[in-house]
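What follows is a single structure, written as structure tokens, with notes after it.
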Amino acid sequence: MDTILETRGLTKEFKGFVAVNQVDLKVQRGHIHALIGPNGAGKTTCFNLLTKFLIPTRGHILFNGADITNESSAHIARRGVIRSFQISAVFPHLTVLENVRIALQRKLGTSFHFWRSERSLEPLNARALELLRAVDLEGYAALPTVELSYGRKRALEIATTLAMDPELMLLDEPTQGMGLEDVDRIRQLIKKVSANRTVLMVEHNMSVVSSIADTITVLQRGATLAEGPYAEVSKNPAVMEAYMGSADAQLKGH
């Protein structure tokens, strides 16, 4: 299998507390790979290490075979590793179209050319609309973003992430805080946009994970507890024990 992202012995310690412990991760190109685990398992810390918001204590990170352990967040993003966050990160008082256009503007190299007329950005409109169409937001293009529902704001974030032309998309809790209708919309959207790229996602909602993830890595106390397809992982006794109570019921799909 073609591995796009790999970690070897990835470890992060905070003054003696081991948040991520010797994690060996292999993400296959073209797959949806989910990181799951109880609260405090180290999932978001792992994401922060991969995108260099945190510096690993030990271990290595490889992307397309190149060691990126010592690269900055900006360099990693330029390689095509683009991340979304748990907290909605859109410009609320710009239109939906303008939000996507800002992400596209990076490729023009004029992001900081404040003296240029807004009309200089009009050539980006066609591509921005194409991206909005991909996430079912074309009809909202002229709407101020603040008026979007929470679920549609998350869809807009996926559009702005796609505007950066990612080779690997890292989605941090994409369905967090959503109602059932929005969860289903985002689930279908992730499946749709993964057609030509690789997705690594942290997700608590097991119905989402079970229906779209090719591979699941379960973390517990910062270490890998189990890995494999959902049907295999969900029957693992150690995983079931880690998900005692309501989370266990979730893991079984109830």
Residue 85 being among the aromatic types (Phe, Trp, Tyr), closer than 30 Å to residue 27 by Cα and at pLDDT 90 or above: no
In contact with a Cys (Cβ under 9 Å, 6 or more places away or on another chain) and among the β-branched types (Val, Ile, Thr): which single residue out of 202, 218, 209, 193 fits that description? 202
How about segment 11-110: which strands (runs of 3 or more DSSP E) wholly inside it have at least 2 residues that are in contact (Cβ under 8 Å) with a residue 40 or more places away in the chain and surrounded by fewer than 18 Cβ atoms within 10 Å (Cβ to Cβ)? 17-28, 58-63
Filter result (buried (at least 22 other Cβ atoms within 10 Å of the Cβ), under 10 Å from the mean Cα position of the chain (by Cα) and not in a strand (DSSP E or B)) within segment 162-179: 174
If you take the residues in segment 205-223 that are surrounded by fewer than 19 Cβ atoms within 10 Å (Cβ to Cβ) and closer than 22 Å to residue 18 by Cα, which one is modelled with the highest pLDDT? 223
Residue 199 vs (1) at pLDDT 90 or above; (2) part of a helix (DSSP H, G or I); (3) of a type in the set (A, V, I, L, M): all pass except (2)
Would you mind telling me which numbered condition in (1) exposed (fewer than 14 other Cβ atoms within 10 Å of the Cβ); (2) closer than 28 Å to residue 22 by Cα residue 192 fails? (2)
Go through segment 129-150 residue by residue and tally those that are closer than 14 Å to residue 185 by Cα, among the small types (Gly, Ala, Ser) and assigned to a loop (DSSP other than H, G, I, E, B). 1
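The values are calculated or read from the model by the stated rules, or taken from the named source; none is laboratory data. Keep in mind it's a predicted model, so treat the numbers as computed, not measured. Cβ: placed from backbone, ideal geometry, glycine included. Neighbour counts: every protein chain shown.
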